[in-house]
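So the structure is just underneath, and the comments pick up after that.
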Amino acid sequence: MSETLVTHGVQIPFDPAIITEKIAKSIRGDRYELEEVEGTSKFIESTDRVIELGAGIGFISTFVMTRLGVQTVVCVEADPNLCEFIKVVHALNGTSQATVRNCVALNDNEEEGTKRFYVREQFWSSSLDGESPYVSAVDVPGVKLSSLIREFSANTLIVDIEGGEEHLFAPADLTGIDKIFLEIHTRKIKRIGIKRCFDALSERGFAYDQQVSRGGSVLFRRIPKWQLK
């Protein structure tokens, strides 16, 4: 029987095809996705309806369900192998309420349809950017973020998409969304990409929340319309 790793109360099967020794060490030391764990614990409420873009191995989605009491979570992941692994993690932890979608989220200017996704040995480096070396390329459905928000009546986004955040919100109808927890990949998008991302969210009525944000993990909250007048 393969080893089961545990971090922050979440069980993760040690599948060497997915979990490298580096990740396993991070999980064993309770350091894996620590900024996300500490951040979500400060703002997630059990009544939130969460869409997670870039769900990875399913750790954060499982954490917010098992430890924070969230009942509605949609995991959006482009790598089909990770989608299957996420389902295993959810089942292992008894979180059957989650939905897993194998697709990529698009802004409202992009045409829905098949998109080429580049899979890399380190799964967190996989992306729509095919410029750097990759192991394989897969075609996955592209779905507008605004459509996903409407479909699942989401009010919270958790986003970790390896640089895809630069253009995701410009433009995007974020009606219904109150909170966006975003991992900024400065190495990929540079300072100009950070500006584009922050500007797009500011134009849609969101502001940076300093109390929750830490390092590259940034929380944006919607400003009430009456305060914007």
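The values are calculated or read from the model by the stated rules, or taken from the named source; none is laboratory data. It should be emphasised that the depicted structure is a prediction, and the values quoted were computed from it without experimental measurement. Cβ placement follows ideal geometry from the backbone for every residue including glycine, while neighbour counts extend to all protein chains displayed.
Looking at the range 205-220, can you tell me whether even one residue there is modelled with pLDDT of 95 or more, of a type in the set (D, E, K, R), buried (at least 19 other Cβ atoms within 10 Å of the Cβ) and touching a Phe, Trp or Tyr at 6+ places or on another chain (Cβ under 7 Å)?
no
Among the residues of the range 186-229, write down those that are of a type in the set (A, V, I, L, M, F, W, C), part of a helix (DSSP H, G or I), over 21 Å from Ser146 (Cβ atoms) and in contact with a Gly (Cβ under 9 Å, 6 or more places away or on another chain). Quick ask: steps written out before the conclusion?
Initially, the range 186-229 is screened for residues of a type in the set (A, V, I, L, M, F, W, C), giving 189, 192, 194, 197-198, 200-201, 206-207, 212, 218-220, 223, 226, 228.
Retained after the next criterion (residues that are part of a helix (DSSP H, G or I)): 189, 192, 194, 197-198, 200-201, 226, 228.
Filter once more, so that each one left must be over 21 Å from Ser146 (Cβ atoms): 189, 192, 194, 226.
Across the range 186-229, the qualifying residue is only Ile189.
What single numbered condition from (1) under 19 Å from Pro141 (Cα atoms); (2) modelled with pLDDT of 95 or more; (3) out of contact with any Asp or Glu (no Cβ under 9 Å at 6 or more places or on another chain) fails to hold for Asn81?
(2)
What are the residues in the range 1-55 that are more than 23 Å from Asp79 (Cβ to Cβ), of a type outside the set (Val, Ile, Thr) and in a strand (DSSP E or B), if any?
Arg49
So Thr95 ticks every box in (1) part of a loop (DSSP other than H, G, I, E, B); (2) out of contact with any helix residue (DSSP H, G or I) (no Cβ under 6 Å at 6 or more places or on another chain) but one. Which box is left unticked?
Result: Thr95 fails condition (2) only.
May I ask you to verify whether Glu183 is touching a Gly at 6+ places or on another chain (Cβ under 7 Å) and modelled with pLDDT of 95 or more?
Details: touching a Gly at 6+ places or on another chain (Cβ under 7 Å): yes; modelled with pLDDT of 95 or more: yes.
When the stated conditions are applied, Glu183 passes them.
Look through the range 117-150, keep the residues that are of a type in the set (Gly, Ala, Ser) and not in a loop (DSSP other than H, G, I, E, B), and return whichever of them is surrounded by the most Cβ atoms within 10 Å (Cβ to Cβ). Quick ask: steps written out before the conclusion?
Of the range 117-150, the ones of a type in the set (Gly, Ala, Ser) are 125-127, 130, 132, 136-137, 142, 146-147.
Cutting the leftovers down to not in a loop (DSSP other than H, G, I, E, B) gives us 125, 127, 136-137, 142, 146-147.
Working: Ser125: 17, Ser127: 22, Ser136: 11, Ala137: 11, Gly142: 19, Ser146: 19, Ser147: 14.
Applying the filter and picking the extreme gives Ser127.
Could you please give the count of residues in the range 127-142 that are closer than 17 Å to Thr99 by Cβ and either hydroxyl-bearing (Ser, Thr, Tyr) or in contact (Cβ under 8 Å) with a residue 60 or more places away in the chain (or both)?
Number satisfying all stated conditions: 1.
Considering only the range 60-81, state which residues are of a type outside the set (Val, Ile, Thr), part of a helix (DSSP H, G or I) and surrounded by 23 or more Cβ atoms within 10 Å (Cβ to Cβ). Working first, answer last.
Our first condition is that a residue be of a type outside the set (Val, Ile, Thr); within the range 60-81, this holds for 61, 63, 65, 67-69, 71, 75, 77-81.
Next cut, part of a helix (DSSP H, G or I) only: 61, 63, 65, 80-81.
Answer for the range 60-81, where residues must be of a type outside the set (Val, Ile, Thr), part of a helix (DSSP H, G or I) and surrounded by 23 or more Cβ atoms within 10 Å (Cβ to Cβ): Ser61, Phe63, Met65.
Does Ile86 satisfy the criteria of being under 20 Å from Val159 (Cβ atoms), in a loop (DSSP other than H, G, I, E, B), under 16 Å from the mean Cα position of the chain (by Cα) and modelled with pLDDT of 95 or more? Walk me through how you get there before you give the answer.
Values: under 20 Å from Val159 (Cβ atoms): yes; in a loop (DSSP other than H, G, I, E, B): no; under 16 Å from the mean Cα position of the chain (by Cα): yes; modelled with pLDDT of 95 or more: yes.
So Ile86 does not fit the description; no.
Could you please find all residues in the range 151-176 being surrounded by fewer than 20 Cβ atoms within 10 Å (Cβ to Cβ) and part of a helix (DSSP H, G or I)?
Glu151, Phe152, His167
Scan the range 38-55 for residues that are surrounded by 23 or more Cβ atoms within 10 Å (Cβ to Cβ) and over 17 Å from Asp178 (Cβ atoms) and report the count.
Of the residues in that region, 2 qualify.
Does the range 66-76 contain at least one residue that is closer than 23 Å to Ser147 by Cβ, more than 16 Å from the chain's Cα centre (by Cα) and without any contact (Cβ under 8 Å) to a residue 60 or more places away in the chain? So that I can check it myself, show each step before the final result.
Let us first name the residues in the range 66-76 that are closer than 23 Å to Ser147 by Cβ, namely 70-76.
Checking the rest, the ones that are also more than 16 Å from the chain's Cα centre (by Cα) come to 71.
After this cut, where a residue has to be without any contact (Cβ under 8 Å) to a residue 60 or more places away in the chain as well, the list is 71.
There is at least one residue in the range 66-76 that is closer than 23 Å to Ser147 by Cβ, more than 16 Å from the chain's Cα centre (by Cα) and without any contact (Cβ under 8 Å) to a residue 60 or more places away in the chain.
Residues being outside any loop (DSSP other than H, G, I, E, B) and closer than 23 Å to Glu33 by Cβ: count how many of those fall in the range 98-116. Please lay out each step first, then the result.
First, pick out the residues of the range 98-116 that are outside any loop (DSSP other than H, G, I, E, B): 99-102, 104-106, 113-116.
Next cut, closer than 23 Å to Glu33 by Cβ only: 99-102, 104-105.
Counting residues in the range 98-116 that are outside any loop (DSSP other than H, G, I, E, B) and closer than 23 Å to Glu33 by Cβ gives 6.
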